[in-house]
């Protein structure tokens, strides 16, 4: 293992000396985390440094991942794309990547202003697991998996298991790669924001057609802590599509799908256990449901077109 560079980092409240390891390989990064259990890995740092500067996080050290070239690109493996966790949103937004995974490229281009897209990474988006993370519904719809490197070896698990906490990162583990099946079929990503231009999503929808399995996959982001898959709506609309023909649907069917998705993700309140009638859906939730319905309807229409 190479000697780690050490430098001084400034905390948000007062200066203090911290160890910063700058490994050049995944093995070195794993070793650095093992040597300093209180250290935190950092790539783009768009979320982590905001937490540090606001006083929410005081790591005992940092393990910088920016010098690990092996996780900054992608390769092909058994019908899938193996994406390095260090891929930036700006890199994923380029035309060559868009030809590979169009919905993920669209999400990357919508991730925020240039300074965020240039620094923020795919792995950071996943590990931070912010509800508004633009790549998350796309990865959920594509049924991607993550490859983790740790002191006890490597392991792979569905991205949904990591996002929901079903199988979280273990002590000393790093997110190294994301495996995304290449469907070579239409896929879309749309999002709504509270203002014009790049911004945090109030709702987002990723939709993927899977002709080989005659299926439709949809994931809704930003309306809950993790992306939501409206499975019944997926099965219903897939049963209406003529997979051997034009794959077209009447506008009414697309509208019904959007409403089906919206109600599944933003359901009506339930009655109380004592029999008290359920309260009405708040106006903000009604508006959010309308937004999700519109996004899902448009996403399906674009994919089928």
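Values in this text are rule-based calculations from the coordinates and carry no lab data. The structure displayed is predicted, hence computed values, not measured ones. When we count neighbours, we look across all protein chains shown, and the Cβ atoms used for this are built from the backbone with ideal geometry, even at glycine.
Structure notes:
- Ordered by the count of other Cβ atoms within 10 Å of each Cβ, fewest first, 261, 52, 205 give 52, 261, 205.
- When 70, 259 are sorted by how many other C-beta atoms sit within 10 angstrom of their C-beta, beginning with the fewest, the order is 70, 259.
- Under 12 Å from the residue 82 label point (7 Å along Cα→beta-carbon), backbone N, the range 110-151: 147-148
- Multiplying the residue separation of residue 193 and residue 94 by 0.36 nm and subtracting their alpha-carbon distance yields 33.4 nm.
- Distance in nm between pseudo-label sites at residue 286 and residue 232 (7 Å out along the Cβ direction from Cα): 2.3 nm
- Cα centroid separation, the range 30-108 to the range 250-292 (Å): 36 Å
- Stretching the chain fully between residue 161 and residue 38 yields a gain of 41.9 nm (0.36 nm per residue, less the alpha carbon separation).
- If the segment from residue 116 to residue 305 were pulled out straight at 0.36 nm per residue, it would be longer than the present Cα-Cα gap by 64.9 nm.
- Rel. contact order, % - alpha carbon contacts under 8 angstrom, at least six apart, the range 187-304: 28 percent
- Exposure proxy ranking, count of Cβ atoms within 10 Å, fewest first, for 127, 263: 263, 127
- Average Cα contact separation per residue, the chain, under 8 Å, 6 or more apart, as relative contact order %: 14 percent
- Within the chain, helix-based [θ] at 222 nm, where runs of 4 or more DSSP H residues each add -39,500 (n - 2.57), nearest 500: -9500 deg cm²/dmol
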